[in-house]
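Any read-out appearing in this document is the output of simple, stated calculations on the displayed coordinates, not a laboratory observation. What you see is a predicted model; the values in this text were computed from it and never measured. Cβ: placed from backbone, ideal geometry, glycine included. Neighbour counts: every protein chain shown.
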Amino acid sequence: MSIAIIGAGPAGLMAAEVLSRAGQPVHVYDSMPSVGRKFLLAGKGGLNLTHSELPELFASRYGAHRAQVEHWLAAFGPEQLREWAQGLGIQTFVGSSGRVFPAEMKAAPLLRAWLHRLRGAGVKFHMRHRFVGWGDDGALRFDTPQGQTLVQADATVLTLGGASWPRLGSDAAWVPLLAQRGVAVAPLVPANCGFDVRSGWSEYFASRFAGQPFKSVAITFGDFHRKGEFVATATGVEGSLIYAASAALRDEIAQRGSATFHIDLLPARSPQQVLTEVAHPRGSRSLANHLKSRLSLDGIKLAILHELLPKEDLHDSARLAAGIKHLPVTLVAPRPVAEAISTAGGVQFDALDDCLMLRDLPGVFCAGEMIDWEAPTGGYLLTACFASGVVAGGGVLGFLGGAKHV
């Protein structure tokens with residue numbers, strides 16, 4: 001008996017762990033020269049493993065597919081993830097935002113310990129093996145540096161990722177392979193992504209402020225309202241606040257051609273307080289010096305007022321104060337999917353059973369980002385990827401007649 005896991009990211013490695021613990025022979029295949037490349041990239045920002053918030057709020061982060069992902073989290077949720085990391089010798093802590101990080105704030109130590117344990121359990125790794133479909137007899141086909149090879153497997157777990165960061169292996173090459181087999185796949189679109197603003201920034205604003213953050217602001221879009229920060233780019237905006245609203249912004253653009261959110265540049269001050277300070281006589285001082293003196297408003301915050309407000313509004317106290325508290329920013333396009341942190345779309349849930357086996361391809365399971373779900377950054381993406389690997393691994397055991405280890 002042999003089990004093939006195709007894709008050596010968190011979901012694939014977690015499925016390998018479940019299966020190897022049960023004594024199953026596991027072979028992991030990946031097109032890249034080394035394991036977990038996107039996982040290691042995520043670790044450069046501190047490796048936000050999960051989040052410490054209450055389960056109800058945590059589950060709500062998965063939006064339209066909450067019910068399906070909640071099933072995964074019942075098998076392996078945030079607390080189990082922290083316990084699992086501790087079992088690898090990796091201590092975790094809760095940051096001020098509620099996010100959970102490894103004590104060393106790096107992915108590499110965790111990945112090294114994990115691979116050591118997997119290899120000790122007998123898991124075999126086959127790198128530079130690009131999955132290219134199935135042979136006529138159902139064998140898995142791989143392109144390798146030595147040519148094409150065929151692999152017979154009693155069960156297969158596909159954890160091939162979405163379409164973001166293709167240079168790290170998630171290039172969506174699997175989409176036509178499954179579509180040819182009749183598997184329903186929703187188009188892959190960017191999630192946790194940046195956006196381009198209407199007409200682009202002026203040359204002055206782009207050259208001076210691209211890469212600079214808007215700190216201590218709030219944004220509103222429909223029912224979404226949150227404080228935090230985001231970053232100006234050469235063509236628009238990106239960063240944590242934008243990512244948190246990106247699904248709604250992206251869908252609005254797809255439906256209407258544009259989406260307008262509003263920035264509160266001074267969320268700690270009420271509209272009346274801002275109006276009072278703006279209307280205060282400024283004498284011979286310039287508007288820039290006046291706003292800096294009365295409201296500590298300068299730099300990129302002052303520049304975006306000049307960028308987006310009509311000139312006449314800058315010289316009208318009421319309209320300027322309203323702009324400071326509710327400045328409209330119109331977006332016209334998400335950035336390309338290859339630039340996104342993650343993707344939405346993928347294998348539709350209707351194509352999968354509760355154990356993540358493809359209904360039309362018995363013995364073939366899916367896990368991770370290649371399934372049609374999405375979540376904001378904050379540990380939610382990684383947690384669900386890990387959890388889906390646990391569910392798929394347990395599904396394989398059930399399919400092969402063993403106990404379901406979920």
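So here's what we get for this one:
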{"read-out": "For region 201-217 versus region 312-377, the gap between their alpha-carbon centres in whole angstrom", "value": "23 Å"}
{"read-out": "Extreme residue, positive dipole direction of the chain, given options VAL278, MET1, ILE263 (C-beta unit charges)", "value": "VAL278"}
{"read-out": "Trypsin sites (Lys or Arg not before Pro) restricted to region 18-122 and DSSP loop, no more than 14 other C-beta within 10 Å", "value": "LYS44"}
{"read-out": "Distance in nm between pseudo-label sites at ARG119 and ASP298 (7 Å out along the Cβ direction from Cα)", "value": "5.5 nm"}
{"read-out": "Dipole of the chain [Lys/Arg +1, Asp/Glu -1 at C-beta], most positive-end residue of LEU327, GLY299, ALA248", "value": "GLY299"}
{"read-out": "Whichever lysines have a C-alpha closer than 17 Å to that of LYS44, once near sequence neighbours (fewer than 8 apart) are set aside", "value": "LYS106"}
{"read-out": "Selection of trypsin sites (Lys or Arg not before Pro), region 256-335, meeting DSSP coil and at most 10 other Cβ within 10 Å", "value": "none"}
{"read-out": "Per-peptide average of other Cβ atoms within 10 Å, ordering 388-397, 153-162 highest first", "value": "388-397, 153-162"}
{"read-out": "Helix 66-75 vs. the chain, principal-axis angle (Cα, 0 to 90°, nearest 10)", "value": "50 degrees"}
{"read-out": "Region 31-87 versus region 105-137: alpha-carbon centroid distance in Å", "value": "19 Å"}
{"read-out": "Loop-resident sites, region 139-197, for trypsin sites (Lys or Arg not before Pro), counting at most 15 other Cβ within 10 Å (DSSP)", "value": "ARG181"}
{"read-out": "About the Cα centre, charge dipole magnitude for region 195-334 (Lys/Arg +1, Asp/Glu -1 at Cβ), debye", "value": "420 debye"}
